[in-house]
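All remarks here apply to the structure that follows.
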Amino acid sequence: MTTTESAPSGLGYPSAELQERGAGHTAREIAQQPQLWREVERAVEARRAEAAAFLRPLLAREDVRIILTGAGTSAFAGEVLAADLGRHLGRRVEAIATTDLVSNPREHLSGDQPTLLVSFARSGDSPESVAATRLADECLSECHHLVVTCNVEGRLYQDHHGASRSFVLTMPAEANDHGFAMTSSFTCMLLAVRATLGGPTDDATVVERLARAGEQLLADRAESVRALADRGYERIVYLGSGPLKGLARESALKMLELSAGRVTTWFDSPLGFRHGPKSIVDPRTLVVVYVSNDPHTRLYDLDIVAELRAAMPAQDVIAIGAVLDDRLSGESSWLLTGVADVDDVHLALPLVVCAQLLALHVSLALGKTPDNPFPDNAVNRVVQGVTIHPVTGRP
């Protein structure tokens, strides 16, 4: 599929209307994700030996520190992955945004600990993405780079391609989203890093099953998501536990971006939501709860679903999960099929498609143009206007 093709039909609108209303890129980039996940899996496998040759000596060192970094959506990919990768690798793995690394290098980039900086970047041209890797090289005595990007023309790719302490993973060209919001780029980079650093899964069918779950979701839920968007919610809350809290944050940003700030959003964990943030709920609020596949964590997710549905109209509390449960029934509970046994990091891939679809449909319901919700350029697809200030003295 190329970026010049027309928008897909079957997302709740005719393809011609999506094009006319400035949603063609965004709709296509949401719909293409399941197929791109298959391509990412093949690409990672093709380079597994090469990646292992770069990573194995570094990961064998018990004192290595791993930082997952990016800006905005790219940073949230790190939040989804950090704890899971730390468990798999038996190493310290942190998610620290490039915006924090650049503004506060003395807090994050100090000491002589060998470091692997994993950079997520759709374009690789945002000022912080480029500056973060350069600062890490300047401030740390030993820094290695795993760069994951969708753009071989970007500055980050150019800086690190062929560098002795760098390994660059490039995503399929179609993952370099042309729409304003990151969709394909987010899920492809997340999957690529999980497969590269986390290693191959015991189940060789997991990516195919995730792709099929995503395809079924796109086919079966587009009309109901459009109906949900047409209700005119003014506030939308996303809740998730563990890796799905990072996903809730990304979901909230997607809605904020594509609604051009017209819809107020919030994210939290189900347990954390009761500690004050629950006060955001009013009669014009929709709450979306991502239900974990982990049996213990799922209990807390189901508790907040029951609590909210007792206090709000059931139609205003959407629970999305993959495990069949009697407590998740009715039109407001959405079940993803065939992925009830995958970990929550992998489950995040089809789950985020729900948030992307909802943001697309809310944007259209508000009369916005999802491919560019800010025609006045008040907010840009690639961040502009950032001055990178020199660090005086080594941290």
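The values are calculated or read from the model by the stated rules, or taken from the named source; none is laboratory data. This is a predicted model, so every value here is computed, not measured. Cβ coordinates were reconstructed from backbone atoms using ideal geometry, including for glycine residues, and neighbour counts include every protein chain displayed. Heads up: the accessible areas ignore ligands, DNA and RNA and are worked out on the full protein's heavy atoms, side chains in. Shrake-Rupley method; radii C 1.70, N 1.55, O 1.52, S 1.80 Å.
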All-but-one check, SER269 against (1) open to solvent by 70 Å² or more (accessible area, probe 1.4 Å); (2) modelled with pLDDT of 95 or more, failing number (1)
Hey, any hits in region 174-196 for a residue that's more than 18 Å from the chain's Cα centre (by Cα) and either open to solvent by 10 Å² or more (accessible area, probe 1.4 Å) or at pLDDT 95 or above (or both)?
-> no
Residue ID - surrounded by the fewest Cβ atoms within 10 Å (Cβ to Cβ), chosen from residues in region 95-124 that are assigned to a helix (DSSP H, G or I) and among the hydroxyl-bearing types (Ser, Thr, Tyr) = SER103
Expected output for region 16-30 (first residue assigned to a helix (DSSP H, G or I), partner open to solvent by 60 Å² or more (accessible area, probe 1.4 Å) and not hydroxyl-bearing (Ser, Thr, Tyr), Cβ below 6 Å, 6+ apart or cross-chain) is HIS25/HIS178
Test result for ARG92, in contact with a strand residue (DSSP E or B) (Cβ under 7 Å, 6 or more places away or on another chain) and either surrounded by fewer than 16 Cβ atoms within 10 Å (Cβ to Cβ) or at positive phi (or both) = yes
Check ARG249, ARG231, ARG209 and return the single one that is under 15 Å from the mean Cα position of the chain (by Cα), open to solvent by 20 Å² or more (accessible area, probe 1.4 Å) and not acidic (Asp, Glu).
-> ARG249
Pairs only if they're at least six apart or on different chains, beta carbon under 7 angstrom, first in region 37-61 and in contact (Cβ under 8 Å) with a residue 24 or more places away in the chain, second among the small types (Gly, Ala, Ser) and open to solvent by less than 50 Å² (accessible area, probe 1.4 Å); list them, first residue then second.
-> TRP37/ALA211; ARG38/ALA211; VAL40/ALA192; GLU41/ALA195; VAL44/ALA192; VAL44/ALA195
For region 1-37, the count of residues that are within 20 Å of PHE186 (Cα to Cα), of a type outside the set (A, V, I, L, M, F, W, C) and at pLDDT 90 or above equals 9
